[in-house]
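Here is the structure we will look at, set down as structure tokens.
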Amino acid sequence: MRAWPWIIAWGLPLLANGCATNALWNKAPLDAWNEPASNPNLCLFDVSRRKDFLVVYDEYSERHDSVHPRAYFLYHNQKRVTQGQKPRFVNTRLSRELPPVPIFQNPPEPSTNSPPTIYAVVSADKQSFAIYSGQGKSAFSLAVYNDGRGQIYRIALTPIAVTADITVVGGVLALFCWDALAKSNSSFNGP
């Protein structure tokens, strides 16, 4: 019995570094994240008619290596942001019609001049903020989410990966058949 078909059968998947479909879905770096820019230029606006705030900030796209202004309603999107999902963005121009909320680096010191009734304090890393109002303090993080395109690319590339896997398996099976056919011909013809 020849050893080379067995060596090829076991060695080929190792040389191919495993299954192409598995690598596509588990190892391919196709995901990219969107997050606040290092200096997001955070602005907040009071949307009292909706009992909400408009958050306007600069977002960094890892996939495009670029920064773009974004806006979303804070309370309306809070669950999505907390779960790492993309907020439902709105046009940044909405802020033109709204009163701004003062933003401080540190909470204002108590003095005879009372601070505004509603104000915000941005964190040192500028990735989160707290809103202070008559109801107390509420802390929020800016949106960080996967852009979702990695999943689309994986779905689009799956037929190619499956074809590659089938080709490798078919090649190994063909070697076994070829070896079996060679053995049967040699035993049929005699010594």
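The values are calculated or read from the model by the stated rules, or taken from the named source; none is laboratory data. Bear in mind that the values here come from a model prediction, so they are computed numbers and not experimental data. Heads up, the Cβs are rebuilt from the backbone with ideal geometry, glycines too, and the neighbour counts pull from every protein chain shown.
Of the residues making up the range 56-93, those that are free of Cβ contacts under 8 Å to residues at least 40 places away in the same chain and among the acidic types (Asp, Glu) are ASP58, ASP65. Considering THR82, THR92, the condition of being β-branched (Val, Ile, Thr), loosely packed, with under 15 Cβ neighbours inside 10 Å and either under 21 Å from ILE131 (Cβ atoms) or outside the structural domain of SER38 (by TED's automatic domain parsing) (or both) is satisfied by THR82 alone.
Scoring SER128 on the criteria (1) at pLDDT 90 or above; (2) of a type in the set (Ser, Thr, Tyr); (3) more than 25 Å from ALA71 (Cβ to Cβ) leaves a single failure, condition (3). Taking (1) surrounded by 14 or more Cβ atoms within 10 Å (Cβ to Cβ); (2) at pLDDT below 90; (3) farther than 21 Å from SER38 by Cα in turn, SER138 satisfies each apart from (2). Within the range 32-74, the set of residues being more than 22 Å from the chain's Cα centre (by Cα) and in a helix (DSSP H, G or I) comprises SER48, ARG49, ARG50.
Condition check for GLU97 on (1) surrounded by 17 or more Cβ atoms within 10 Å (Cβ to Cβ); (2) more than 23 Å from ASN146 (Cβ to Cβ); (3) not aromatic (Phe, Trp, Tyr): one failure, at (1).
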